[in-house]
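Below is one structure; the comments refer to it alone.
Here, each number is a calculation from the coordinates, and none is a lab measurement. For clarity, every value in this text was computed on a predicted model and none was experimentally measured. Heads up, the Cβs are rebuilt from the backbone with ideal geometry, glycines too, and the neighbour counts pull from every protein chain shown.
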Amino acid sequence: MTIQLPVLLWTVICFVMLMLILSRLLFRPLLAFMDKREEKIRSAARTLEEHEKARRDAEEALARFREEEAERADRLAKEAAARAGKEAAAVLASAAAEQERAVEACRLSLEEEKKTLEKAADDKADELARAFLAALMKS
């Protein structure tokens, strides 16, 4: 087997031409496509990180909001309890005053009844005394 220079030369020329054609028509577009795809992947990863950060920030804000609302609800409940306590104290004071007025009215009524009974007892005692004297005088 001998090396034939014209065949070798034509083989090298055909190979170089094939490489140039493939470089322009296949390798460059393929590399450009792969670069675009890699950039899209990086962009999607950045977007995912941004969305994750935004989600974490939103969760933190929601947690703070819930905490503030719980504190606000506790404060409102305490204020409502304080108002209810004041209203209950006012009602108790009013009831105590009403009870005192009722006791005073009963006391006055009892004193009047006592006076009426004392007068009736005095009248009855006078009547019995007269009847006794009348009976003594007859005898």
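Residues that are hydroxyl-bearing (Ser, Thr, Tyr) and not in a helix (DSSP H, G or I) occur at least once in segment 2-10. Scanning segment 24-39 finds no residues that are aliphatic (A, V, I, L, M), loosely packed, with under 10 Cβ neighbours inside 10 Å, without any contact (Cβ under 8 Å) to a residue 60 or more places away in the chain and part of a helix (DSSP H, G or I).
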